Structure formats: structure tokens, C-alpha cells
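The values are calculated or read from the model by the stated rules, or taken from the named source; none is laboratory data. Owing to the predicted nature of the structure, the values given are computational and were not obtained by experimental measurement. With ideal geometry, Cβ positions are generated from the backbone for all residues, glycine too; neighbour counts draw on all protein chains shown. We work out accessible area using only protein heavy atoms, side chains counted, and drop any ligands, DNA or RNA first. Shrake-Rupley method; radii C 1.70, N 1.55, O 1.52, S 1.80 Å.
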Amino acid sequence: MVERTLTVRVARIRRETPEILSFELAHPWGRELPGFEAGAHIDVKMPGGFARQYSLARAPGVGGACDRYLIGVKREGASRGGSASMHERVREGDLLPISAPRNTFPVQAGGRRHLLLAGGIGMTPLLAMAQHLARQGADFELCVFARSREHLAFAEALTAPELAPHVRLHLDDGAEKIDLKALLREHAGGTHLYVCGPAGFMNAVRKAAAHWPDDAVHAEYFASPNDSSVPAGKAFSLRLTQRGFSVPVAADQTAVDALHDFGIDIPVSCEQGLCGTCVVPAEGESAEHRDFCLTGAERQHKVALCCSRAREQELVIHL
Ligand code: FES
């Protein structure tokens, strides 16, 4: 589902690598687009009825202002249709429905230093974050991992004068290498780590940073690391504190589906715990959190209803 839809015009399509196209999206009548913060993503509805989330790869201007959104779309070998549709059926001048930007991967404002690790197409949110940090004069480093120079997307942005001094490259086929273990061996207080990339890359980074404090590590997944749809569990009761009643959730049902049966619609998008669309306020301790988008601190008072379940018999949400 694409919520709060707006329509944009595909202003420019550019080939970044053999597998990645970038799309610049503009307001159809040249107006400004809704503002956002670096790290945000949008849902894009594309020909064929597919809807996918894409991170915004260029930081907005002052105050979040923006006249074009930039996204990168990698054509997946095992595409379920979304990336193939963007690559084959979308052309410059086409109109596409999109959602307003949402941010579940923000820059940590109080951080003393920021380490951004990007694998392949995972560079998109981190590129916007790096541009934002550069404008702030922040202490940061953007480490980009790619197979080769040919597979390096947004190369022009990486060599821009404000970013270039902060960028380190790791090319699988080249002399430029980054030793992940050495990079993450020490955690200096106040340093935040941000990671986005394919599952293998994410796992390698999380393993190398396993000793970092939970709240210093921020990950944006674009596919469920479980490689499956959201697993079911046992039946439980969903207590809605503001409405003052409970809803039964069957073992093979999600909380979102159970609420829908009671006439309460929770907006969803990825339905895999990735995007944060279905997050609601909750007694976090009553939840068995199965999402990949909330931080440890957020899980104390929020829950993603598309995937999470009750820790015991009851999940308490503040709706
Ligand atoms: S719908 Fe994406 S996290 Fe629940």
C-alpha cells in the first residue's frame, strides 16, 4: 500500500552501473516536493502494480527543501517484478505515484563521529546522510564497498569536493581495500555506525561490530535478513489501551490483519519489518520484536505491528 500518495514526474534517468539506474523525480508542475531528512525513503508505485521502497540518495537543501528526489534502483537478478518494472517500463516524462518521505534511518544528532558503511546499492541513504553531515561540518567517514569501479554508483557525487575527503573505497577487484575488522575493532564513545547493503555485507558488518553498544549501531535493511515472509507464532491478545478493549490475534495472523478484521486499519508498506510504516506506540516490554527498523531505545515504547508479536499472552499498544 502506498499511503499519502503524491504524483511525480520522472525528470531524468541515468545509468550508474550495469545494474543500477538512478531516477530524478520532480513535481509535475515544477513546484517544491515535501521536505525530508537525510536517511528517508519513499514508496514508489510502478507499472504492473508493484510498490517498492527506495531511499532518497541526495540530501535536501536548507530546511529540508527539495525540488527533486533522487533514487537508485538496482535490477535484481531474482526480481519479483519491481526493479524490472522500473528498468524496463519507466521512461523520462512518465508520472509515478509515490508516498511522502519517511525516515526510519536518521542521522543521530548528538553523535560526535559518524561512520557510514555502504555496500553496493546500500549507498543511497548513506550518500544523503554524508552530504548532510558535510554541510554540518561534522566528523564523519563514508566507506563504500563495491565490486569494481564499474559497479560504483553515484561516483560523481562521491568525488564532489565536500565529500571526497571523507570517502574511502573498497573495491573487490582493486588495490583499494578496507579491513572491516580493523575498522570496527575499537568503539570510541559518541561514535555512531550506520550500515546499509546486501544481506551478506550487513551480516559481516554486524559481526565485526558485535561489541559496539546497541544504540550506536543503525542498520537499514532492504530485504528481510530472514529470507522469508514474516513467520507466524502462537496466538495472543492485542490490548488497545486508548480504546479499552482487546483483539485476538491467531497464530497464523499478523496484528495488522487482526486489527483490520475489527475495522482498524494500520498503514503498511513492506510488511517485513523493514520500513517502519506500521509502527505504533506500545509497551515495548510486552512485545517480541521481529522488525529490523527500530533501535533498542525505540523498542522500549514502539512496536512494528506487521511482524512483531506478544512476548507472552498479551501485547499492549497505545491505540
Ligand atoms: S509495514 Fe514496513 S515495518 Fe511494518
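Within segment 186-213, the set of residues being within 19 Å of Thr295 (Cβ to Cβ), aliphatic (A, V, I, L, M) and under 15 Å from the mean Cα position of the chain (by Cα) comprises Leu193, Val195, Met202.
Considering the conditions (1) modelled with pLDDT under 95; (2) more than 16 Å from the ligand (Cβ to nearest atom); (3) surrounded by 19 or more Cβ atoms within 10 Å (Cβ to Cβ), Phe236 is excluded by exactly one of them, (1). Considering only residues in segment 213-233 that are at pLDDT 90 or above and surrounded by 15 or more Cβ atoms within 10 Å (Cβ to Cβ), the one that is farthest from Val256 (Cα to Cα) turns out to be Ala216. Restricting attention to segment 181-212, the residues that are surrounded by fewer than 20 Cβ atoms within 10 Å (Cβ to Cβ) and either of a type in the set (A, V, I, L, M, F, W, C) or within 15 Å of Met123 (Cβ to Cβ) (or both) add up to 10.
Scanning segment 246-263 for residues that are out of contact with any strand residue (DSSP E or B) (no Cβ under 8 Å at 6 or more places or on another chain), within 15 Å of the ligand (Cβ to nearest atom) and farther than 25 Å from Phe222 by Cβ turns up Gln253, His260. Restricting attention to segment 267-282, the residues that are open to solvent by 20 Å² or more (accessible area, probe 1.4 Å) and more than 6 Å from the ligand (Cβ to nearest atom) total 4. When segment 294-305 is filtered for residues that are surrounded by fewer than 24 Cβ atoms within 10 Å (Cβ to Cβ) and either within 9 Å of the ligand (Cβ to nearest atom) or at pLDDT below 95 (or both), the ones remaining, listed by number, are Leu294, Thr295, Gly296, Ala297, Glu298, Arg299, Gln300.
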